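Just so it is clear, none of the values below were taken in a lab; they were calculated from the coordinates. Treat the numbers as computed from the prediction; the structure is a model and nothing was measured. Positions of Cβ are backbone-derived with ideal geometry, glycine not excepted, and every protein chain shown enters the neighbour counts.
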Amino acid sequence: MKYISLLGATGSIGKQTAAVVREHPQDFKIVALSAGRNIDLVREYILEFKPELVSVQEKSDYDQLKSEFSKEGITFTYGDEGLVETAVYHRADVLVNAVIGSVGLFPTLEAIKAGKDIAIANKETLVTAGHLVMDAAKQAGISLLPVDSEHSAIFQALQGEQEKNIERLIITASGGSFRDRTREQLAGVTVEEALNHPNWSMGAKITIDSATMMNKGLEVIEAHWLFDLPYEQIDVLLHKESIIHSMVEFHDSSVMAQLGSPDMRVPIQYALTYPDRLPLASSNRLNLAKLGLLHFAEMDFDRYPCLRFAYEAGKIGGTMPTVMNAANEVAAAAFLDGKVTFLGIETLIEKAMNHHTVIAVPDLATIQEVDESTRQLVHTLVKER
Ligand code: NDP
Ligand code: MG
């Protein structure tokens, strides 16, 4: 039995983690969970999973739940401190970090210090401070297991292989909601259209990131940290079916790929069972004969400037990925709120990056300061529009 603490339990990845646990009650138990504002789902989780610790974002929700469940012996907590308490919960063997945004950074570092293994979906944490997370993980000797489907695919393709034999990683990209449109056709697109992803059902922010291709950019940086490879050895390939989740090419020209129906429960479960595997009856098996064809195309960096920004930010390093990520978080949220246009997202990110003077090896306090000042800058730019 593996005891799990789950950050972001009410989100897309959080719900699918709950589904994996539901399917394997003999193998997994959620002992601690955190949510944002979705209190109705927290109530359902409390009744179903009987967690020992529950954290919510707002004090008022905390007060409400505490009085409702006063007889259950649950510890309630809230806010940023609640996220940390959930991340380090003493009875958990593994933390599933499925919160969204760089708000996940501090809890991740604290969980590492507490010796927890981490299944990480929260890519923004690795983008904003990959060096801090990887150094801390190495020092503490914990396992950092990828949940993102591309990184899980690479991780699976690397089993039994040695890093020195890797020629390059090939991260596949579906192309997002607007893959069949030209840049000119992106001018007037609506939030609703952007949220309509062809292959994956995900949270709102990552669906926008997929449409701008920033998601792939974040994944390139995530791969750089997780697999300790330079950007020159990380490529992106358009693959519209999302069946090959990513690949590794070796020096002898051999390529290992991991395939499957697009279903996040598979990489979530693998991160929890590694190096073992469990059945996942509720997932669709791949039927290649029925699929017939898979398509691939080169990535066009002019069509998708956000991917170019990510390579640039990654190669510059230091605080530049922090700036890119923070600017993207605010810009994507502003688009979802109807405050900027779709193409305005990339303009805001580019402005924030151009405005920034890089600090080469930032500590946590510097990362947090740069994250905050970038958010303020982009908020101001949004207001001025
Ligand atoms: P969602 O937006 O669906 O969920 C985010 C979760 O975090 C929710 O539980 C939300 O709470 C909670 N949350 C948000 N802000 C805060 C905050 N300030 N404090 C506490 N809790 C907060 O996101 P996804 O599940 O789509 O994505 C989660 C992470 O996984 C992201 O980093 C994403 O890039 C990554 N990822 C997601 C994939 C997917 O298929 N969705 C695929 C691969 C990676 P509430 O809803 O209760 O307000
Ligand atoms: Mg992904």
> So what are the range 220-339's ellipsoid semi-axes, whole angstrom, largest first, if each one is the square root of 5 times an eigenvalue of the alpha-carbon gyration tensor?
Replying inline: 29, 20, 18
> On full extension of the chain, what length is gained from Leu259 through Gln26, given 0.36 nm per residue of separation minus the C-alpha to C-alpha distance?
Replying inline: 81.1 nm
> Principal axis lengths of the range 284-353 from Cα atoms, whole Å, largest first?
Replying inline: 47, 32, 24
> Which order, highest average first, do 290-298, 88-96 follow once you tally other Cβ atoms within 10 Å for each residue and take the mean per peptide?
Replying inline: 88-96, 290-298
> Hey, any idea what the orientation-averaged projected area of the convex hull of the chain's Cα atoms comes to, in nm²?
Replying inline: 19.0 nm²
> Working out 0.36 nm times the residue gap between Lys138 and Lys71, then minus their Cα-Cα distance, what length gain in nm do you get to one decimal?
Replying inline: 20.0 nm
>> Given contacts defined as C-alpha pairs under 8 Å and at least six residues apart, what's the relative contact order of the chain, whole-number percent?
In response: 15 percent
> Assuming a viscosity of 0.692 mPa s and a temperature of 37 °C, what translational diffusion coefficient in µm² per second does Stokes-Einstein assign to the range 1-153, Rh being the Kirkwood radius over Cα pairs?
Replying inline: 215 µm²/s
> Can you give the charge dipole size of the range 119-272 about its Cα centre, rounded to the nearest 20 debye, using +1 on the beta carbon of Lys and Arg and -1 on the beta carbon of Asp and Glu?
Replying inline: 260 debye
> What is the projected area of the convex hull of the Cα atoms of the range 107-233, averaged over all directions, in nm²?
Replying inline: 9.1 nm²
>> Suppose we keep just the DSSP beta bridges with both residues in the chain; what percent of those would be antiparallel, to 5?
In response: 30 percent
> Using mean Cβ contacts within 10 Å as the protection proxy, how do 56-69, 275-288, 341-354 order, highest first?
Replying inline: 341-354, 56-69, 275-288
>> Eigenvalues of the Cα gyration tensor times 5, then square-rooted: what semi-axes does that give for the range 13-68, in whole angstrom, largest first?
In response: 21, 11, 9
> Ranked highest first by the average count of other Cβ atoms within 10 Å around their residues, in what order do 184-192, 201-209 fall?
Replying inline: 201-209, 184-192
> Counting every Cα pair in the range 315-385, what percent are over 19 Å apart?
Replying inline: 28 percent
